[in-house]
Structure formats: C-alpha cells, structure tokens
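What follows is one structure encoded as structure tokens, with my remarks underneath.
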Protein chains: 2
Amino acid sequence: MYITTDNIIQPKQNLHNLPQPCCIDCMQKESTIYDIAHQLNISIATVSRALKDDPVVSKKTKKRIFDMAEQLGYRSNHFARNLRSQRTHTIGVIIPRINSHFMSTVIAGIEQTAGADGYNLIISQSAESVEKEKANAKTMYDNRVDGLLVSLAIDTADLQHFDAFFKKGIPVVFFDRVMEQSNSTNVLIDNVRAAYKTTSHLIEQGCTNIVHITATPKRNVYVDRLKGYKQALEDHGLSFSESNVIINNLSQDEGAAAAADILSRAARPDGVFAANDNCAAGCIIALKQAGIRVPQDIAVAGFNDDPVCRVIEPNLTAINYPGYQMGEVAARHLINYLSGDASVAVTNSILLKSELVVRNSSLRRAMPQG
Amino acid sequence: MYITTDNIIQPKQNLHNLPQPCCIDCMQKESTIYDIAHQLNISIATVSRALKDDPVVSKKTKKRIFDMAEQLGYRSNHFARNLRSQRTHTIGVIIPRINSHFMSTVIAGIEQTAGADGYNLIISQSAESVEKEKANAKTMYDNRVDGLLVSLAIDTADLQHFDAFFKKGIPVVFFDRVMEQSNSTNVLIDNVRAAYKTTSHLIEQGCTNIVHITATPKRNVYVDRLKGYKQALEDHGLSFSESNVIINNLSQDEGAAAAADILSRAARPDGVFAANDNCAAGCIIALKQAGIRVPQDIAVAGFNDDPVCRVIEPNLTAINYPGYQMGEVAARHLINYLSGDASVAVTNSILLKSELVVRNSSLRRAMPQG
DNA sequence: TTGTACGCGTTATCAT
DNA sequence: ATGATAACGCGTACAA
C-alpha cells in the first residue's frame, strides 16, 4: 500500500545538508505516478500507460491524468525508467580535445542532432593520450551509454579498449580519426582525395617542389593525406622526396619552424601543403617575415578551412572540412541505429564531401573559372 | 529470495532487437551485487558496503569481494544508485554556443575538473535564444542534474526559468554571461576594469577619438565593457560621444562593416576598441584594404586573446580572457558546494584576473617596459 | 562485523 | 480499459 504524504513538509534526511532550498516554504516533495494515481483513485499502471500515451487508455482518463500531472508538477524519473528499461538515452563522446575550431564545431553538430531526439551527451577528452582514452571508454561503459561517438587519439593503435562495447553490442561510431580495419561505422572525408586535390592544385599553379607538413603518420587522417600528396606528385610526373615531408605537431609555432627549415634548403621549395590551417598560418607568417612572397615565391595551402583562413594574409587556400555536418551525420547514424533502423547496421563507412577552397595563398595563375 | 542464473545465456527480450552482440558467445548477463554475494555466500549488504570501502567491513571479506567483483566483471549500476541516493553526479552546462574559441576552452576546463571528480557533463547550447535556454533548463531539471553551470544568452533578461533550481536548492553557477542581481555565484572577470585598461592604453598611445565596437548592451559583459570605456575617456579628459559606439553582432564581417562606417566619418577616429577579437580582426583587414595604416593611423584593440590575435597583421592587442581557468574555477566551485563545503555558499562572485596583452595593432609609442 | 528487509519510481506481465 | 504486482540494482535502517 502506498501512502501519500500529501506534500507535507518533512525534515528530510539531507546528505551534506544539501541541497538547501531557498526557503522552507519552497520545500516540495517530488511527485510520482503514485501521487497522481492516489489523487485520482486509479492504479499506477494506468498512469504509467497514460503518460506514455498508450492507446489502450481511454481518452478521458488520459486527460484527467495529464491534468493532474500538470497540477502536481510531475516529472518522470529518468533513473527509475533507465533502471527498468536498461536504456539511458545518453550518448558518450570521446575526442582528443574539445578546444579546437574543428572539434567544437563537430560537437555543436552532435549536440544539435542528439538534443533534438532527446539524447543527452557525455563528453570527455583523451588529450591525445591512449591511456586517457582507455579511462574515458571505461567511464562511458560504466555510465551505460546507449552508444559511443569516438575520434581517436593520435597514437591509438588498436581498438581493444572498446571491446566491452563490441561484445555487448553497444554501437560505436568513429569519426574523423578512425581505424581503417574497424568494422564499426566510420564517418570521415576522403582524406586521400582531398590531399590529392590540394597537391594537384599547387602543381597546377606551377609548383614543382612541394613540401608537405603533417603530424606523425600514425593516424588515418595523416596517413591518407600523405598518400594523396604522393599520388598527386606521381600522377603529375614529379618525384617524391622523403625530405619534403616535415613531421611536427601542426601548431602555429611548429609551422614557423617548418618555414625556417624550408628556407634553409639549397633547392628552395616553391609550395607548402600543411595538414592543418594553424600550421599553415604559422608558416606563412614566418615566410613573410623572411621576405618571401606568398604565393609568388612559395604557394601555401592548409586543411580544415578554419576562420583563420580568412584572416591570414594572403587568405589561405584550404580543404573545407564539414565539421558540423560530420557531427550531425555521426550522431544521426548512431541514433538511427539505436532506434532500430537495421539498414545502418551494415554501413561500414560514410564519406562526406569536402572541397578545396582556393584563396590567394596559392593563387599564382588565373583559375579556370570563379 | 534472489535466484542467480549463473550467467546462463538467455534469449533476452530485446527492444528493437538492440543491442546486437558481436556473437552469441559474447552475450553475458550483467552481474550485480547479488551475484557477488551469492558466489561468496554472504549478504548483499556486505557487498554493497565493501564496494564503497566502508571501514566497517573486515579487510579480508573486502578483499574477497573485490576479487570476485573483478572476476565477474562487475560494474555498479548508476541508475539504481542514483535512484536510491537521489543524486546523479551529473553537472549540466548551458552555453550560448560551443563552437567559439573562448567557449570551447571553457568547456575543456570544466570537463577536466569535473571528470577528475567523477562528475559527468551534460552540455546544451542556447544558440543565444532565451527560448532555447528555457527548454535547456527544463531538460537539465528533468535530468536531475546535481548542479548547473550557465552562461546566459545575450538577451536573457531574467532568471525565472531557473526558479525550479533555486526552489529546490540545486546550485547554479553562472559564468561570463551573468546577471548582476543574481544571488547565485557568478564567475567572471572585471569587464569594467579590463575595458578601462584597454581604452586607457589606446589613449596613452595617443588616441583621442576612440570607437568602441560592441554587441547590444543587454548582457553584463557588454554593459561593463562600455562602462569601462566611458570611464577611461572621462578620466583622461576625453569626451564621450554616442556616435562612437557601434553596436553589431561582433562577427568578422560586421567588423569590416564597422571599418567602413568609421572611414566614412568626417572626424576620422584614431582608435578602435572592439569587444571581441573576431570583430577586431575583420575591422583591421578592412581598414588595411582601405589603405589605412594600423596602428599609425588607427590603433586597434580586441578582447579575449584568441589565437587569431597572433595571426592578424599587425598582431592584435587584446585582453587575455582566461577561459580554461574560468571553466576550472566554475566547476570546482560547484563541486565543492556539492561536496558540502559550506564556505562556498556565501560566495557571491569570483573575479578572475585578466590582463592586457599589448601587441603591434595598438603600439605607436615605446611602452614603459617590455 | 554481518544479515534482513524495505524503498527509490518506473515498466511490464499478468489477471480482471 | 484497468488493476495488482513483480522486477530493475542498490543503499541503509534495524536487527542480530
């Protein structure tokens, strides 16, 4: 038998004396389906059914129940529901770091999509460390997320730490930083093609000695960009030289250092393709300080199309990386799967369009059009 | 009486046929404290106590329990725990938008701090809309977050939509975009002082006709920056003119438009103080395109110290806004409160240090030092 | 030091 | 169409 207290104020037990209501009058017991049922002299089963709009409940009882719920300020208890239903309506997100333009844009897209469908987000950063990534995965698992969206740390070499998810059949969608051999769904752009396009563009602009600045090629994105770069050289009859690949952390400062390296060479390069915009910007600034003209002496292209592209002078040519859409697509895909859309289970990878945005940093000749 | 199934594989009921385990062999029943208790022939109470390291449990039973938990791959069920304890270990975050350098940096700081203390984050964006902010607040409330971290939308004029939290005594900490009259804790910088410093600096550099570009002064940050600007003019014997305040959305494009406005004036301004860096950058670019020299003809200063400051030429003078620390401090404060630290309950506002970083965009004279 | 038993608020399976 | 009741997994008075 359930005994309602009719919202009588009780000196309820209070861990750490928290929370403190603003005043004693405000203290109000949380109302439940029991309260609604009791007020209306019906069973909780009916209330529960009505609240989820079960067609088996008659129109008028439904109305009475909704009104009473409104009146009592009822809100359903997610924990009780999750406890029963074994689902949490929560999506876990693991990313290297949140405070980059690209990543925060992706998150914005994810949040938009997930929020619209009533999913909550739990976000954690791996800080590019496999160890933190493992810890994050465990946290997500312990929080019983319904699914996971992951962008891998740079030196993550295997997916073992997600085995618990795979074994339980909890869907994991990787985006941007992925493992090719994974049999989860990957959402990404064609990095090979993008790099190929960029490099070809530089070649078409008259560059014959192009440096590629990138991060350590452990992660797909850098491996692929390097591959596209090489492929473009080959297809245009230019020889590849190992020394033309500069590996660093892609920061602005390292971009400047790369510029110094470039300028120290006997056969001075006439083109630079950097794997992100920050690094390209740092490089351009340093080149200009050294009296090099961009793009006349050295043409430069970046990757991502961050806002910095439109600030640096000359404005930076870059691959337009659709971060927001990537977030939307990855989240949508995961949610569709969670909603029972079987067709998505067989999807191996989703490729998003990316295009080269040509600006002055690489423009030495009139373009075919526009 | 609890009857364990000894992890026998069951064709368990499966909503939407999900989740799908990778293979039938992997299917494994989630183990609970009942399982541990059953295996060890002890009571769940002891297990429950041991798992939370209750000193009342003997060392050796504890050890046996931990070992068995490990062996069974036990993980505690947060929902059952939350349902019982009425706490969620979840912090809600409501911000205007996540994809700005400043905000994503704040989030990074929050995540770092909260994660270290075992708190999860639920993040939502108001998109600068009061309506969305209200909806977000309700979602957070329904998710029973332990506390809330909020940065208000630009035209949020009152805090009514947080009343449910105030009434229940759920702590709300506002940061950056706050309401002065709130009696919650506010974490912010001294915007008046920062603007005062910046404006004074421009004056010291010889500017006598300074334009202030800012957003609509509905939100504290813009009100205060305007106030500091005015104060500095007054203290230096310069007169304030309404026409020298340009209101826009602080985007890069609007910065360019502001530049056009400035250049159209009969008495051409010789200084610009923009309320963010993006806008300042757009302004500088447009000014330079019009043949104006920065800083010789017009000196420019921004606000935030985003990375763009070190890319734009000349490099942008700006107030260094400690976003990461702000996130850390706000989260730490909230968590301390949730942990029962009474001293924080009386804290009204926390001011973070901010300093003016002088760069070439405003430097017309030798600085006193450095 | 350990065990028993109840309640947290739901949903789901019976029965009526 | 509605009601009674058993889980879901955990925490904790109270008892032993």
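What follows is calculated from the coordinates using simple rules that are stated; it is not laboratory data. Predicted model only: the values in this text are computed from it and were never measured. Here the Cβ positions follow ideal geometry from the backbone for every residue, glycine too, while neighbour counts run over all protein chains shown.
Structure remark: mean-square fluctuation, Gaussian network model of chain B, C-alpha springs under 10 Å; the largest value among B:Gln181, B:Gln39, B:Gln112 belongs to B:Gln39.
Mind pulling the angle between the C-alpha long axis of helix A:277-289 and the longest principal axis of chain A? Nearest 10 degrees, somewhere in 0 to 90. Relative to chain A, helix A:277-289 is tipped by roughly 40 degrees.
Can you put B:Ser343, B:Ser151 in order of Cβ neighbours within 10 angstrom, beginning with the fewest?
Result, fewest neighbours first: B:Ser343, B:Ser151.
When each of A:His212, A:His101, A:His38, B:His236 is scored by the number of other beta-carbon atoms lying within 10 Å, the sequence from fewest to most is B:His236, A:His38, A:His101, A:His212. Bridge orientation summary for the protein assembly as shown: considering DSSP beta bridges with both residues in this region, about 10 percent are antiparallel. Would chain A count as rounded, prolate or oblate if I go by the C-alpha gyration tensor, calling it rounded below 1.5 in a/c and otherwise prolate when a/b exceeds b/c, oblate otherwise? Prolate, because a/c is 1.5 or more and a/b exceeds b/c. For the pair B:Ile247 and B:Lys353 in one chain, pulling the backbone fully straight at 0.36 nm per residue adds 35.5 nm over the alpha carbon distance. In terms of its C-alpha gyration tensor, the protein assembly as shown comes out oblate, because a/c is 1.5 or above while a/b does not outweigh b/c. Where both bridge residues fall in chain B, DSSP classifies roughly 10% of the beta bridges as antiparallel. For chain A, the mean residue ellipticity at 222 nm estimated from helices alone is -12000 deg cm²/dmol, where every DSSP H run of n ≥ 4 contributes -39500 (n - 2.57) and the total is divided by all residues, rounded to the nearest 500.
Taking Cα centre as origin and charging only the Cβ of basic (Lys, Arg, +1) and acidic (Asp, Glu, -1) residues, the dipole magnitude of the protein assembly as shown rounds to 1380 debye. Set Lys and Arg Cβ to +1 and Asp and Glu Cβ to -1, take the dipole of the protein assembly as shown about its Cα centre, and tell me which of B:Pro295, A:Cys283, B:Asn278 lies farthest positive. The Cα lying farthest towards the positive end belongs to B:Asn278. How large is ³J(HN,Hα), in whole Hz, for each residue of the stretch A:61-72 in order, when computed from phi with the Karplus curve 6.51 cos²θ - 1.76 cosθ + 1.60 and θ = phi - 60°, using x for Gly and Pro? With the stated coefficients, the stretch A:61-72 comes to 5, 4, 4, 4, 5, 4, 4, 5, 4, 4, 4, 7 Hz.
Put a plus charge on the Cβ of each Lys and Arg, a minus charge on the Cβ of each Asp and Glu, and nothing anywhere else: the dipole of the stretch B:209-298 about its Cα centre is then about 60 debye. Between A:Val187 and A:Phe174, A:Phe175, A:Asp176, A:Ile350, the built amide H atoms are under 5 Å apart, and every one of these is 5 or more places off in sequence or on another chain.
Site pair B:Lys60 and B:Ala290 shows an inter-label distance of 8.6 nm when each label is modelled 7 Å from Cα along Cα→Cβ.
Residues A:Asp190, B:Asp176, B:Asp67, A:Asp146, arranged from fewest to most other Cβ atoms within 10 angstrom of their Cβ, appear as B:Asp67, A:Asp190, A:Asp146, B:Asp176.
About the centre of its Cα atoms, the stretch B:124-171 shows a dipole size close to 240 debye [charges on the beta carbon of Lys, Arg (+1) and Asp, Glu (-1) only; nearest 20 debye]. Legend: residue pairs A:Lys59/B:Lys134; B:Lys134/B:Lys168; B:Lys134/B:Lys353; A:Lys197/A:Lys353, Cα-Cα distance threshold 24 Å; pairs beyond threshold, A:Lys59/B:Lys134; B:Lys134/B:Lys353. The HN-Hα couplings worked out from phi for the stretch B:255-266 by the Karplus form 6.51 cos²θ - 1.76 cosθ + 1.60 (θ = phi - 60°) are x, 5, 4, 4, 4, 4, 4, 4, 6, 7, 7, 5 Hz, whole numbers, x standing for Gly and Pro.
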